[in-house]
1. For segment A:180-226, state which residues have at least 40 Å² less accessible area in the presence of all protein chains than in their chain by itself, taking the probe as 1.4 Å and leaving out ligands, DNA and RNA.
2. Once the principal axes of the Cα atoms of the protein assembly as shown are found, what is the range along each, listed largest first in whole angstroms?
3. Using a simple spin-label model with points 7 Å from Cα along the Cα→Cβ vector, what separation in nm is obtained for B:ALA212 and B:ASN188?
4. Loop only per DSSP, at most 16 neighbouring Cβ atoms within 10 Å: give me the chymotrypsin sites (Phe, Trp or Tyr not before Pro) in segment A:13-75, ordered by residue number.
5. Of all DSSP beta bridges in segment A:17-312, what percent run antiparallel (nearest 5)?
6. Using alpha-carbon positions, what is the distance between the centroids of segment B:62-97 and segment A:251-313, in Å?
7. At 1.4 Å probe size, with the rest of the protein present, what percent of the exposed accessible area of segment A:17-312 is carbon and sulfur atoms?
8. Once the Cβ-Cβ distance between B:LYS87 and A:ASN236 is put in as r, and R0 is 22 Å, what FRET efficiency do you end up with, to the nearest 0.05?
Amino acid sequence: MAFVVPKETYNGKVYEVEIGTGPRAVKIGGEATLPFLAFEGAVPNKPVIAYEIQDVPPEDWPQTIQEVYKDVSSDPAKWAKYCQDELGAQMIALRLIGTHPDRQNRSAEDAAKTVKDVLSAIDVPLIIMGSNNAEKDAQVLKSACDAASGKNCLIGKAQEANYKTVVASAMASGHKLIAMSDLDVNLAKQLNILITQMGFDKDKIVTDPMSSALGYGIEYTYSVMERIRSAALFQNDQTMAPPMVNDVGMYVWKVKETMAPEADQPAWGPVADRGIGWEATTAMGFLMAGSDLLIMRHPKAVETVRKMIDELV
Amino acid sequence: MALSGVEIFKHLPKTNCKKCGHPTCLAFAMKLAAKQATLDACPDASEEAKAFLGAASEPPIKGITIGAGDKALKVGEETVLFRHEKKFVNPCGFALLIKDTDADIEAKAKAVADSEIERVGQKLRVELIAVENASGDAGKFADAVKKAASAAPNAGVILVSSSKAALEAALPALAGKKPLIDGATAENADDMVALAKANGASLAVRADGLDALSALTEKITAGGFKDIVLDSGARKPKDMIEQYTQIRRAALKKGMKALGFPIISFAVNSDPFVEQALASVAVAKYASVVVLSDISKWKTLGLIALRQNLYTDPQVPMQVSQNVYKVGDASANAPLLITTNFSLTYFIVLGEVENSKVPSWLAVMETEGLSVLTAWAAGKFTAAKIAQYIQESGVESRISHKELIIPGYVAVLSGALEDKLPGWKITVGPREANALPAFLKNKTAAA
Ligand code: B12
Ligand code: SF4
């Protein structure tokens, strides 16, 4: 039996979404095949990694990662610029965590100012995320969207509980949108439908399937992503065809493996390497399942995954 | 590959003689397809039919065992391309590559022997050592293999050499240990097969590209040798994904026997982080043996977790049984904590309670294997259910106090729980389990 390359025929493809403006705008998605199988379908864009920064100093991040940004993290604009200029970030992801009522409870106006400051410091595309408090995010993201008007940002996250206001804000100022549901194929589909029913273009959505860290449920995210991608490609289900984003850093840098000192866990090796490896391995898992955009924290983990991406596409 | 009744029927005598106990050949074929009958019930089946159906009932990807005894590693026998279709069957093995020119062969082998880590109640480790004949010298190779095998007696051994003389020198030390010889190429296949047969070894077959590879395995299997592992020559992530996917598809979807074998992948890189990332690709995308050049603890921990995660059953979360567990030498006034029966949750919480060195009672409630928040959101970890469980568990007769510590993430339950458990004090614990040691120490210090 002679070997014939066993190819799949796909009926659909992933939407291509452009984020940012000017020469450094970035395109994600657009693939017409399962992850990295260029022998049977186009992979027009490489997956992109965005560096995560936040509006307030990252006091809740583990020491190993706080350390990296200690000279810049008190000022989001400086922090963003550092990631862009020194670390070569292709994209910045600003999390407005300080607006959470249980955190600093910063106002929507404060958030808008931060967004403006960050935008004027960088020319790579910006992702703007709320604090994941559905109620507060509705106000915060509205001001943030206005402040970033014309910059073609990626706004998130629209969830079942607050999608109406978030979608309206993103639509009014011409941004792209992250739609996040709770680790479930049908919920992801349903949310995309609800969003498009509001008149938001389906090719401006990026799906967040909800991430989970290596060792803490990554397999659930992995399979949900594989199923979403299969639905887009094999069944040509256009409600499942947005590119996918994974919020890697925030799930990784709170698990024990990225924090416990070697003295407490001698069988685990040095915490610095372990944390970097944990973030990179989690990201690699998502790439294998179809990720188009990764939000990450540690420069060394980013560098590792970028190397892989460059060899994969 | 599963055959349909109609496909099987084509190979039967079609006489409807009923000797098999079925009214027609077709009816019998249907039973065969459903695996409710075996072909030997038909006395008139041809040799051709036996060969055809015999081959069809073999798993599409052959199982291969490396090593002997209860620590032997079995790989292969995979049945799907995506884990959401069905559980991946045999977790891939990890191997540490040791060169016979290395100065620290014993230390490296020892690292393999000591690689065991416990995660979520499972004891996991690097199972294999791969000794490479980098020196080109037969005596040196044999020596290295002997050293490595005695320093890591439970590890399976891969002999990385294409030299007949070197392998002949090394193999006697591995008698009865089912090593994997890596291996065979188009040039030396006959010698290698003879060596593998004579020594009870399996054989990795290497060729560049799947055309050449399948031609070579076809030739080898035609001679009757089938304990094969495939090395497609892929060393870069793109080639790995493409070739391994094609191998798995060819075996599972096209029924291509020549590629129906487990894959060995050399995920070797001088940068340890890149090596870990490369190995993640191999683990996710169908490699059955992943060879590494370094097994630093931090690196192995991540890879072992990834393998464990991807090889779990997607339908059934790992669970532990409902019970009130005694942690340490808990007395009647030791603190009582409650959590859910998702393995991951249980083992994380148990680990932290143990870390605290505060003897405690840990009530594990059946929630169909869901985590705390998932169970709460699914209505399986509610105040009413927790109260009922506490009352029925008999824990009240084992402890002398009435205080229950609940997970911080379900702090909202505390009011309702106090209503439903009259006389009990509900204490909200920390959200993340890693804050438990401080929390428990504080508590006992205060008491
Ligand atoms: C994987 C996952 C799933 C898996 C289930 C995995 C499982 N076996 O439980 C699946 C996909 C099936 C699932 C389904 C659902 N999920 Co879900 N899921 C998750 C996810 C991503 C991870 C959960 C996990 O495994 N955590 C790890 C374990 C170890 O955490 P844990 O049990 O909480 O334990 C920690 C602490 O609680 C603490 N702890 C534990 N016990 C104790 C005890 C004491 C005394 C103390 C002090 C501390 C303590 O220690 C642990 C480590 O720190 C989370 C989001 C996230 N990233 O956390 C959402 C999440 C839990 N899910 C959520 C929801 C809503 C659901 C669904 C209802 C939605 C849906 N998709 O239909 C369903 C319900 C399932 C059902 N059968 O109906 C929500 C819950 C919302 C909320 N705030 O209540 C979450 C938080 C996601 C979100 N929206 O943010 N989910
Ligand atoms: S015994 Fe064989 S030939 Fe006879 S009916 Fe059964 S299958 Fe057909």
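The values are calculated or read from the model by the stated rules, or taken from the named source; none is laboratory data. Just so it is clear, the structure is predicted and the values come from calculations on it, not from any experiment. Every residue, glycine among them, receives a Cβ derived from its backbone with ideal geometry; neighbour counts consider all protein chains shown. Just the protein is used for accessible areas: all its heavy atoms, side chains included, with ligands, DNA and RNA removed. Shrake-Rupley method; radii C 1.70, N 1.55, O 1.52, S 1.80 Å.
1. A:LEU214, A:GLY215, A:TYR216, A:GLU219, A:TYR220, A:TYR222, A:SER223, A:GLU226
2. Taking the Cα atoms of the protein assembly as shown, the three principal extents are 80, 69, 68 Å.
3. 1.5 nm
4. For chymotrypsin sites (Phe, Trp or Tyr not before Pro) across segment A:13-75 that sit outside H, G, I, E and B with at most 16 neighbouring Cβ atoms in 10 Å, the list reads A:PHE39.
5. On the way: 3 of 30 bridges.
Given both bridge residues lie in segment A:17-312, the antiparallel proportion sits at roughly 10 percent.
6. The distance from the Cα centre of segment B:62-97 to that of segment A:251-313 comes to 25 Å.
7. It is 48 percent, rounded to a whole number.
8. Working: r = 28 Å, r/R0 = 1.29.
After rounding to 0.05, the efficiency reads 0.20.
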